[in-house]
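Below is one structure; the comments refer to it alone.
The values are calculated or read from the model by the stated rules, or taken from the named source; none is laboratory data. Just so we're clear, the structure is a prediction, and the values are computed from it rather than from any experiment. Counting neighbours? That spans all protein chains shown, and the Cβs are built from the backbone with ideal geometry, glycine included.
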Amino acid sequence: MALFIGLDLGGTNIKYGLVDDTGKVHSKGSMETRDDEGPGVVLDQLATAANESAKLAGAKLADVAGIGVGAPGMIDFDTGTVLLATNMKGWTNIRVVDEVTRRTGRPVALENDANAAAFGEYWSGAAKHTQVKHMIMLTLGTGVGSGIVVDGQLVHGGIGLAGEAGHLIVVPGGRPCPCGQKGCLEQYASASSVARRAIEALEAGGPDAVGSSLRLTLAQDRSKITCKFVYESAYAGDALAKKVTDETSYYLGIACVTLCRVLDPQMIVFAGGLSLAGEPFFEALRKVVAENSWKLPVKPADLVPAKLGNDAGFIGAAAVAWSKHR
Ligand SMILES: [Zn+2]
């Protein structure tokens with residue numbers, strides 16, 4: 001049985017664990033990222049997290065076949081370098097593979113964090129024990145992250161930026177996105193955008209806003225208008241909330257149809273806060289996809305929730321190490 005360590009590096013936390021070649025998790029933990037202290041300290045932390053993963057599982061680092069690191073930002077896959085991670089202090093041209101190999105003595109593989117999470121769901125989550133070889137994962141959280149698996153491999157593209165489905169344009173000329181485009185999926189289908197659009201609709205007024213149960217909440221504490229709250233209100237029959245959630249399903253569904261035409265995935269997996277809106281969310285999404293998809297007599301892609309939750313990142317990073325160093 002080969003053992004792998006997965007390290008999921010984020011600006012707030014480093015999540016880590018030891019996983020065997022069947023995907024079974026033998027240990028896991030988390031530590032706060034000391035981002036303020038710069039990349040050197042964070043790289044030391046990655047080595048500590050690797051040691052801790054082995055120790056917690058009763059193994060030695062020397063017994064580990066490989067370490068996978070999932071990191072935010074733009075990555076040069078040829079050199080194992082994080083070129084730029086804007087949410088981390090000083091993370092420009094950090095040679096993660098070299099630095100972590102030097103600190104641990106084990107082979108290291110580097111992957112973008114959203115890709116790693118998708119690969120985790122492919123290897124050991126939603127697509128495990130299925131015939132699926134072609135899968136897309138969309139993480140609907142603060143933004144919309146995604147990863148694409150084709151023929152059992154992550155797709156990277158020319159400069160490592162393939163699979164940015166959050167920036168598919170679903171509304172030409174629509175809402176501005178920090179990426180510089182307008183009408184990106186992320187502006188309509190992230191959990192934050194659901195809350196933001198509900199607040200905008202309430203502030204814009206009109207009959208739905210006047211009759212909305214969300215109005216009082218907005219007046220009392222606008223931070224309570226979350227994606228979860230908007231969905232609960234929609235399910236309870238609030239017309240304004242329902243318009244927002246319908247719009248979300250619509251644009252997300254349209255993006256899914258586009259992704260299906262281009263990549264023919266067997267499965268699309270949904271993770272992140274919005275995916276927790278439950279079965280009615282998936283029903284609405286499947287309906288939009290069916291209505292807007294071509295009418296060929298072929299099985300459509302399965303639209304399913306993710307299974308690994310917050311563990312997808314480190315399990316996926318371990319899976320990346322497994323795919324490279326087994
Ligand atoms: Zn964008």
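Data overview
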read-out: Condition check for GLY145: within 13 Å of the ligand (Cβ to nearest atom) and assigned to a strand (DSSP E or B); value: yes
read-out: Residue in segment 196-204 that is at positive phi, within 16 Å of the ligand (Cβ to nearest atom) and either among the aromatic types (Phe, Trp, Tyr) or at pLDDT 95 or above (or both) present; value: no
read-out: Qualifying residue in segment 70-77 (condition: surrounded by fewer than 20 Cβ atoms within 10 Å (Cβ to Cβ), in contact (Cβ under 8 Å) with a residue 40 or more places away in the chain, hydrophobic (A, V, I, L, M, F, W, C) and touching a strand residue (DSSP E or B) at 6+ places or on another chain (Cβ under 8 Å)); value: yes
read-out: Extreme residue, surrounded by the fewest Cβ atoms within 10 Å (Cβ to Cβ), among residues of segment 165-186 that are touching a residue at least 60 places away in the same chain (Cβ under 8 Å) and near the ligand (Cβ under 9 Å from one of its atoms); value: LEU168
read-out: Those residues of segment 227-238 which are surrounded by fewer than 16 Cβ atoms within 10 Å (Cβ to Cβ) and outside any helix (DSSP H, G or I), in sequence order; value: ALA236, GLY237
read-out: Subset of segment 191-250 (residues that are of a type in the set (S, T, N, Q), touching a residue at least 24 places away in the same chain (Cβ under 8 Å) and more than 25 Å from LEU138 (Cα to Cα)); value: SER212, SER213
read-out: Checking VAL298 against (1) modelled with pLDDT under 95; (2) among the hydrophobic types (A, V, I, L, M, F, W, C); (3) in a helix (DSSP H, G or I), the condition it does not meet; value: (3)
read-out: Total residues in segment 253-274, condition out of contact with any Leu (no Cβ under 6 Å at 6 or more places or on another chain) and touching a residue at least 40 places away in the same chain (Cβ under 8 Å); value: 13
read-out: Subset of segment 81-134 [of a type in the set (Phe, Trp, Tyr) and part of a helix (DSSP H, G or I)]; value: PHE119, TYR122, TRP123
read-out: Residue, nearest to TYR235 (Cα to Cα), within segment 254-288, restricted to residues that are assigned to a loop (DSSP other than H, G, I, E, B) and not acidic (Asp, Glu); value: GLY278
read-out: Selected residue (criterion: surrounded by the fewest Cβ atoms within 10 Å (Cβ to Cβ)) from residues of segment 239-259 that are over 17 Å from ARG175 (Cα atoms) and of a type in the set (A, V, I, L, M, F, W, C); value: ALA239
read-out: Meets criteria (closer than 18 Å to HIS325 by Cβ and touching an Asp or Glu at 6+ places or on another chain (Cβ under 6 Å)) for GLY70; value: yes
read-out: Residue satisfying condition, being aliphatic (A, V, I, L, M), within 16 Å of the ligand (Cβ to nearest atom) and surrounded by 23 or more Cβ atoms within 10 Å (Cβ to Cβ), within set ALA189, ALA162; value: ALA189
